[in-house]
1. So how strong a dipole does the stretch 226-377 carry about its Cα centre when Lys and Arg Cβ are +1 and Asp and Glu Cβ are -1, to the nearest 20 debye?
2. Where does helix 171-180 land angle-wise versus the long Cα axis of the chain, in degrees 0 to 90, nearest 10?
3. Please list, by residue number, every one of the trypsin sites (Lys or Arg not before Pro) in the stretch 241-291 that is coil in DSSP and has at most 15 other beta-carbon atoms within 10 Å.
4. Please turn the phi angles of the stretch 278-284 into ³J(HN,Hα) values with the Karplus equation 6.51 cos²θ - 1.76 cosθ + 1.60 (θ = phi - 60°), one per residue in order, whole Hz, x for glycine and proline.
5. Excluding same-chain residues fewer than 8 positions from Lys237, which lysines have a Cα within less than 20 Å of its Cα?
6. How far apart, in nanometres, would the label points at Trp415 and Arg301 be if each is projected 7 angstrom from Cα along the Cα-to-Cβ direction?
7. Along the charge dipole of the stretch 189-244, Cβ charges K/R +1 and D/E -1, which of Ser238, Val203, Ser192 sits furthest on the positive end?
8. Taking K and R as +1 and D and E as -1, what net charge do the other residues with C-beta under 15 Å from the C-beta of Val235 add up to?
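Where a number appears in this text, it was derived from the coordinates with a stated rule and is not lab data. Small disclaimer: the values here were computed from a predicted structure and weren't measured. Cβ sites come from the backbone with ideal geometry, for glycine too, and all protein chains shown count toward neighbours.
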Amino acid sequence: MPFPASAQTLWHDAATIAALAVFAATYLFIAIGKLPGYHLDRAGAALLGASLMVWLGVLSLDEAYRAIDFDTIALLLGMMIVVANLRLSGFFLLVNEWVVKRARYPLALLTAIVLIAGALSAFLVNDTICLALTPLVLDLVTRLKRNPIPYLLGIAMASNVGSVATITGNPQNMIIGSLSQIHYGSFAAALSPVAAAGLLLTVALIALAYRDEFLTREPFRVVAAAPIRFNRPIVIKSLSVTLLMVILFFCGQPVAQVAIVGGAVMLLTRRIKAHKVYREIDWPTLVMFAGLFVVVAGFERIALTPDVIAAVARQHLDHTGILSLVTAALSNVVSNVPAVLMLKPFVADMADPQRAWLVVAMASTLAGNFTLVGSVANLIVAQRAQGAGITLGFWSYFKVGAPLTALTIAFGVCWL
């Protein structure tokens, strides 16, 4: 026996309210990062939110599957596998040793760290670069008896700034690349100048904030280091695969396809056991992305009607400055990846969606430098430093990160 129309309406309204509550609770949890009394993490919260969207009937299971952007998941997984091989092969140890031999002064060392972190982050995902470089830089500055804080700031901030340059620089750019279908080369041509200017500003602001550390002409003492252990064949193979992938990216090949094939090729080896590579992969991030795609799709279904989207679009959101401010603010409230997903329906309805996507990529990435909790890369550096007994405090980060964010976004707005 069918429900009366009034009962169906009541059930629909209750399900809508519940779904809105699920969306709000999921984003609130991702912004805060914890729930008192529970061990639920961000990935679990996103998965729970996605499951509730299906259970409430907002999306069918098939619709939930279709909501997940598997191109983004495949791209991120492939890049993680490649970077894992670079790390296990000892490539980053070689980079660290190269810097030690050439950077004889504090400012030269900072500049080298910033440029290397920024350049590697542009192509190899900023979070993974922070994981690899932080312990190496900590070991180096400890041996040199230098203040580690400014160099840690250099890793975190440069990885954020450098990653703005390409689609493979960070997870939110990967999502934007998939949604916008912007050519890899066009994306890089538009945002690489912003990244380059941002890296120069990063060096300048850190040096100004820590003048006692960098305004010196006294060179470092030569410090002995343990012999470097690295696997030459895997280093060569990893670099060759990475270079070929970047060439194919710029040639217009599908980035997700290139990345996942490159990752699969790296698994074909007799020198590194596959389980060691799998341990290096950030599986919770992949789960979180899949869950967020479903949660946002459910929110779009129940709340973002064409009238709502049109009303928001009339608030001059297509203006570069306004869109940048909204994106930056949203990125610092709920984090950059959720912010990008929330902006998706509004950007798609704009007069020039590709330019708008570039603005969102620029602002969401650079906004990560505003506070210590502004990006996952920052937290990785802070947590690694904490494990070595060094505290990277909120205010130590903010006094450099806030002006850097303002200046880089202002430059990005003018450039775009």
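1. Numbers: 12 positive and 7 negative charges, 226 e Å.
Once rounded to the nearest 20, the dipole reads 1080 debye.
2. Once rounded, the angle reads 50 degrees.
3. Working: sites: Arg270, Arg271, Lys273, Lys276, Arg279; in loops: Arg270, Arg271, Lys273.
Within the stretch 241-291, the qualifying trypsin sites (Lys or Arg not before Pro) (loop, at most 15 other Cβ atoms within 10 Å) are Arg270, Arg271, Lys273.
4. 4, 5, 7, 7, 8, 4, x
5. The qualifying lysines are Lys273, Lys276.
6. Modelled inter-label distance: 4.0 nm.
7. Ser238
8. Numbers: positive: Arg87, Arg229, Arg232, Lys237, Arg271; negative: Glu97.
Net of charged neighbours comes to +4.
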